[in-house]
Amino acid sequence: MSMTRTFHEAKAALASGTTTVVEMTRAALREARTLADLNIFLELFEETALAKAAEVDAKIAAGTAGPLAGAIISIKDNLCYTGHHVSASSHMLEGYVSPYSGTVVERILVADAVILGAPIVTSSPWAAATRTARSARWATPQTRPWCPEEAAAARRPRWLPESPHRAGQRYGRLHPPVSLFCGVTGFKPTYGRVSRYGSIAFASSFDQIGPFARMTHGH
């Protein structure tokens, strides 16, 4: 199948019956592997992503799918997801498996989005810096165009329309990448509007969670 650029295109393709969420998820996984040289993903959640995709397809057929059915989403490696590794890309937490899911992750899944994997973040201090060029686990290469070393690099391909992402106002984890480097749109919610539960903390007064998404028009 051809890749959908936006969530709206994905919804239209599903409604027309030209694709399924499983097919979209498999295509996204293939595309992620073709871009492995960019070191965007610390881990792909293939098994659970495909299982969730099959569940969403069944709900679509039954007319009970949630509002995010058809969205293929990544969550940064500082958001807890039950049974999955989370480390803030730090050696200190390497190998840690979360026993619970954060509030944002739970709501994403309830709304029937598929979580494809976890993009890398800067490991020091706890995903606070704006670039992943010096992550402890590995680095995204410092190349152009669209600055893949920025936190929004996973939005550069056309197959990931949305990506919840923890952001700190002081360190600009949403503002610089989405406004300058990666051809994407981001939304930074009012402090306290979105629960931080399940986000590996840097500082409670800085930590916030917000989405990245590809622009409908433009890049």
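None of the figures in this text is laboratory data; all of them are computed from the coordinates on show. Predicted, not measured: the structure shown is a model, and the values here were computed from it. A quick note on method: Cβ atoms are made from the backbone with ideal geometry, for glycine too, and the neighbour counts reach across all protein chains shown.
Contact map, segment 183-198: residues that are without any contact (Cβ under 8 Å) to a residue 40 or more places away in the chain paired with residues that are surrounded by 13 or more Cβ atoms within 10 Å (Cβ to Cβ) and part of a loop (DSSP other than H, G, I, E, B), Cβ distance under 7 Å, separation 6+ or inter-chain. Pairs shown: GLY183/TRP146; GLY183/ARG156; GLY183/MET215; VAL184/ALA152; VAL184/MET215; THR185/MET215; GLY186/LEU174; LYS188/LEU174.
I'd like to check which strands (runs of 3 or more DSSP E) are fully inside segment 1-120 and have at least 2 residues that are surrounded by fewer than 20 Cβ atoms within 10 Å (Cβ to Cβ).
In segment 1-120, the matching strands (runs of 3 or more DSSP E) lie at 41-44.
Contact annotation: residue pairs with Cβ atoms under 8 Å, 6 or more positions apart or on different chains, pairing a residue in segment 45-65 that is more than 20 Å from THR82 (Cβ to Cβ) with a partner that is in a helix (DSSP H, G or I), are ASP57/VAL21; ASP57/VAL22; ILE60/LEU14; ILE60/VAL21; ALA65/VAL56; ALA65/LYS59. Checking each residue of segment 47-60 against the condition of being among the aliphatic types (A, V, I, L, M) and closer than 23 Å to ILE200 by Cα gives at least one match.
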